[in-house]
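Q: Pasting a structure here, questions to come.
Every read-out reported here was derived from the displayed coordinates using simple, explicitly stated rules and does not represent laboratory data. For clarity, every value in this text was computed on a predicted model and none was experimentally measured. Using ideal geometry, Cβ is built from the backbone for each residue, glycine included, and neighbour counts are taken over all protein chains shown.
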Amino acid sequence: MFGYIIANKPELKIKEYEIYKSYYCGLCKTLGKNSGQIARLSLSYDMTFVYIVLSALYEPKESRKPEKCVLHPVKKQCVMVNSIADYVADMSVFMTYLKGRDDWKDRETMKKSIAGRLTMDITEKSYKQIKEKYHNKVSFILSRMKRLDEGEKHNSDIDYMAGAFGDIMGEVFCMNNDIWEMTVRKMGFYLGKFIYLMDAYEDIEKDIKTKNYNPFFDAYRRLGKEMFDEYAEKILIMMMADCTREFEKLPIVENVELIRNILYSGVWTKYRKIKGNGKKDE
């Protein structure tokens, strides 16, 4: 379900792009350090965005230095690491485990099922540790995952389903119980709804063929493809408008233009590609 919250790289300044990469590499390094090298498979630009936003908001002491890694054994990559990286790395592994579990239960294809089972096996040890470390947070997220599972069985409406995943991302964004908690949670909530709806939009034609649940079914059948595209786009725009409204309330100065690039431009690069292709990336 992840892969939508990315930067519009051509529009970034060189310095901004280097900073973006350094946070990505920093999260990758932290995943390997905390949960083992194979946990780096949990790395995503979506969770890198969480890392960048929380770092910009709380401004922890940071270490930024060039390092070699398995993927770049010759040329050193600039790595940005701070205390927030540990939290985001934990949430990355946790969400990856849940994604694997969802794929395993889905059994849409043998390939997907096997990949889901392998993902669970790879991350299970860390998942149990994270579950113990963030007991209340994990319990809340699992309750919303249960709501998503039940919603699929009962063909629940789009707002109910997107709201459940929005709650999950709101909880992921909410690292601290402080003055910014409500704003950060709302930002994550609307971003989560956007991610869920983008995923459903990308999968709609495939899900119709395979008869898998998709919250856009009724709208697609009622409106037809062209009008459905307009309908879906309006909903996605509303979700990002609500998300950016909450973001602009935060006292963020550091890397603010990089974050705005992602929120106002980057998230739509994948949308345009999906709309143009009419199919998932292979």
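Q: Just a yes or no: is a residue in segment 66-75 within 29 Å of MET240 (Cβ to Cβ) and among the hydrophobic types (A, V, I, L, M, F, W, C)?
A: No; the residues of segment 66-75 include none that is within 29 Å of MET240 (Cβ to Cβ) and among the hydrophobic types (A, V, I, L, M, F, W, C).
Matching residues to (1) surrounded by 13 or more Cβ atoms within 10 Å (Cβ to Cβ); (2) without any contact (Cβ under 8 Å) to a residue 40 or more places away in the chain:
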{"residue": "GLU202", "(1), (2)": "yes, no"}
{"residue": "ILE208", "(1), (2)": "yes, yes"}
{"residue": "LYS211", "(1), (2)": "no, yes"}
{"residue": "PRO215", "(1), (2)": "yes, no"}
{"residue": "ASP218", "(1), (2)": "no, yes"}
{"residue": "LYS225", "(1), (2)": "no, yes"}
{"residue": "THR244", "(1), (2)": "yes, yes"}
{"residue": "PHE247", "(1), (2)": "yes, no"}
{"residue": "VAL253", "(1), (2)": "no, no"}
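Q: Going by the structure shown, is GLY26 out of contact with any Phe, Trp or Tyr (no Cβ under 8 Å at 6 or more places or on another chain) and small (Gly, Ala, Ser)?
A: Taking the combined requirement at face value, the residue does not satisfy it.
Q: Consider TYR4 carefully, then state whether it is among the hydroxyl-bearing types (Ser, Thr, Tyr) and surrounded by 23 or more Cβ atoms within 10 Å (Cβ to Cβ).
A: Considered against the rule, which asks whether it is among the hydroxyl-bearing types (Ser, Thr, Tyr) and surrounded by 23 or more Cβ atoms within 10 Å (Cβ to Cβ), TYR4 comes out as yes.
Q: Hey, among LYS29, LYS9, LYS33, LYS65, which residue is under 19 Å from the mean Cα position of the chain (by Cα), at negative phi and surrounded by fewer than 17 Cβ atoms within 10 Å (Cβ to Cβ)?
A: LYS9
Q: Since SER265 meets every condition but one in (1) exposed (fewer than 14 other Cβ atoms within 10 Å of the Cβ); (2) among the small types (Gly, Ala, Ser); (3) within 21 Å of TYR20 (Cα to Cα), which condition does it not meet?
A: Of the numbered conditions (1) exposed (fewer than 14 other Cβ atoms within 10 Å of the Cβ); (2) among the small types (Gly, Ala, Ser); (3) within 21 Å of TYR20 (Cα to Cα), the odd one out for SER265 is (1).
Q: I'd like to know if segment 47-67 contains one or more residues that are in contact with a Gly (Cβ under 8 Å, 6 or more places away or on another chain) and more than 30 Å from GLU248 (Cβ to Cβ).
A: no
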